[in-house]
Amino acid sequence: MISKVQLLSIVASLTLLLVILETIRKRRLREQYALVWLLTGFLLLLFSLWRDLLDRVSALMGIYYPPSALLLMLTGLLVLILLSFSIVVSSLSIKLTRLSQKLALLEWELHARARGGLPEAGAAGARGESSKDLAPGGEGRS
């Protein structure tokens, strides 16, 4: 016989899986992140359907109250997900900084050419220089 708590956890797990699949379908969640969330949803559904599994896993962990073991596992999983997202955000932040710097240099070069301060691309190329070698003061970088 299924208890109300078990039924509620089954419905919640299925709802989570449906939400994940819908966000993947609408391309709002990339596949590399969806895999972790799908795994989480399937594990929750598995623990919801097979209550003895949670009892066995908690006994293996040395935890006598199975919901505490589930909470511990979910907390660990969320910490790993947060670490993964922190790595992605850090990488994107570095890329954004580099992109902003390149854009600033290109805008400076464009304005300098408009004022006549820089030679055209063909003339710089003939002298062996490139716009990358020119610093904002008009001098080469060393």
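The values are calculated or read from the model by the stated rules, or taken from the named source; none is laboratory data. The structure presented is a predicted model; accordingly, all values stated were derived computationally and were not measured. Quick reminder, even Gly has a Cβ in these numbers, built from the backbone with ideal geometry, and neighbours come from all protein chains shown.
Anything in the stretch 48-68 that is over 19 Å from ILE10 (Cα atoms) and either in a loop (DSSP other than H, G, I, E, B) or touching a residue at least 24 places away in the same chain (Cβ under 8 Å) (or both)? List them, or say none.
Passing the criteria: GLY62, ILE63, TYR64, TYR65.
Pairs needed: first member in the stretch 79-97, under 15 Å from TRP37 (Cβ atoms); second member anywhere, of a type outside the set (Val, Ile, Thr) and surrounded by 10 or more Cβ atoms within 10 Å (Cβ to Cβ); C-beta distance under 9 Å; at least 6 residues apart or different chains.
From residues that are under 15 Å from TRP37 (Cβ atoms), the pairs are ILE81/TYR33; ILE81/TRP37; SER84/TYR33; PHE85/TYR33; VAL88/TYR33.
For the subset of the stretch 16-46 comprising residues that are within 19 Å of LEU77 (Cα to Cα), at pLDDT 90 or above and of a type outside the set (A, V, I, L, M), which member is surrounded by the most Cβ atoms within 10 Å (Cβ to Cβ)?
Only one residue fits best here, namely GLY41.
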